[in-house]
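Okay, structure first, notes after.
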Amino acid sequence: MFRHQGKKRTLVHNLRIATVLSFVAGIVNVSGFLAFRQLTTNVTGHFALFINDVANFDFWKGTVYFLYIFSFFLGSFTSGFLTEKFGKNKELKIYVFPTIIEFFILIAIGFLSDSFVKGFPDLIVCALLFAMGLQNSFVTKISNAVVRTTHLTGLFTDLGIDVSHLFFPELHPDKEKLKENIKLRIYIIAFFFAGGLVGGLCYSKLNLKLKTLIVAALILLISLLLDKMRYNLIKAKRKHLQRRSSFS
């Protein structure tokens, strides 16, 4: 689900990566909000608050929201830069870099002491937004802008448009493609919700607090390992078939 890019990707590839990453984003979103009462997977609300503070000439207060926005941008830039820098090297798997960085950020925050969390809340929010910027950028890149996993506003907009197109088959004859798009968006929304639900239960009911982010990090790591194992199995199977055909 990570390896294929652009035209090589199928609906199955996109569904797999969408379910994993939207689930992770849901956990991060709820954990960040419960811990800091701030949005940690998108910057739409932060931008509105930043503009409000600037309009009221409260520039110092608005700086915090600007840093939130910039952190998400910086994460997206970092992911895009790494992808372009190492994308031509076929030996390197470009998706690994942003995923591993995100993994270590979530793990590190999960193991922070309570005193550090209370002392530097804005820094942690910036780190989470950076991680989500990384995730949103690389999944957008490898899926050719088909999959986005860190916020739902655009998804509900696209879903509404796609559903409306079902009522005009003469204008949108490719019904199968339309159904695939609807299915993908529903999967992302559903798993974002599921991730948020699991995150909320772990944070509040199990009292894991920010250690809930360790769950999200482990899901990322496991998905990478499983993807590697699946690739190796397919590769081994192909080699076996080639050997059998060469001897036959």
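The values are calculated or read from the model by the stated rules, or taken from the named source; none is laboratory data. These numbers come from a predicted model, not from an experiment. Cβ atoms come from the backbone with ideal geometry, glycine included; neighbour counts cover every protein chain shown. We work out accessible area using only protein heavy atoms, side chains counted, and drop any ligands, DNA or RNA first. Shrake-Rupley method; radii C 1.70, N 1.55, O 1.52, S 1.80 Å.
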Study note, to complete from the structure: Within the stretch 167-190, residues among the acidic types (Asp, Glu) and buried (at least 16 other Cβ atoms within 10 Å of the Cβ) come out as Glu180
Review point. What number of residues in the stretch 42-80 are under 30 Å from Cys202 (Cβ atoms) and either among the aliphatic types (A, V, I, L, M) or out of contact with any His (no Cβ under 6 Å at 6 or more places or on another chain) (or both)?
Key: 19
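Looking at this structure, is Ala127 aliphatic (A, V, I, L, M) and over 15 Å from His46 (Cβ atoms)?
Details: aliphatic (A, V, I, L, M): yes; over 15 Å from His46 (Cβ atoms): no.
So Ala127 does not fit the description; no.
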Review point. Looking at this structure, is Asp53 surrounded by fewer than 16 Cβ atoms within 10 Å (Cβ to Cβ) and either in contact with a Lys or Arg (Cβ under 6 Å, 6 or more places away or on another chain) or of a type in the set (D, E, K, R) (or both)?
Key: no
Practice item. Hey, could you check the stretch 191-207 for residues that are without any contact (Cβ under 8 Å) to a residue 12 or more places away in the chain and assigned to a helix (DSSP H, G or I) and say which is most open to solvent (accessible area, probe 1.4 Å)? Key: Lys205
**Study point:** Given (1) surrounded by 13 or more Cβ atoms within 10 Å (Cβ to Cβ); (2) out of contact with any Cys (no Cβ under 9 Å at 6 or more places or on another chain); (3) not in a loop (DSSP other than H, G, I, E, B), number of the condition Thr212 does not satisfy
**Key:** (2)
Review point. For residues in the stretch 18-50 being β-branched (Val, Ile, Thr) and either at pLDDT below 90 or outside any helix (DSSP H, G or I) (or both), which is farthest from Lys177 (Cα to Cα)?
Key: Thr40
Revision key, fill the gap. Flagged in the stretch 180-209 as aliphatic (A, V, I, L, M) and out of contact with any Phe, Trp or Tyr (no Cβ under 8 Å at 6 or more places or on another chain), in numbering order, are Ile182, Leu184, Ile186, Ile188, Ala190, Leu197, Leu201, Leu206, Leu208
**Study point:** Any chance Thr140 is within 21 Å of Asp227 (Cα to Cα), touching a helix residue (DSSP H, G or I) at 6+ places or on another chain (Cβ under 9 Å) and touching a residue at least 12 places away in the same chain (Cβ under 8 Å)
**Key:** no
Study note, to complete from the structure: The helices (runs of 4 or more DSSP H) lying wholly within the stretch 85-166 that contain at least 2 residues that are hydrophobic (A, V, I, L, M, F, W, C), within 30 Å of Leu178 (Cβ to Cβ) and open to solvent by 10 Å² or more (accessible area, probe 1.4 Å) are 153-165
**Study point:** Conditions (1) at pLDDT 90 or above; (2) part of a helix (DSSP H, G or I); (3) in contact with a helix residue (DSSP H, G or I) (Cβ under 9 Å, 6 or more places away or on another chain): number failed by Gly62
**Key:** (1)
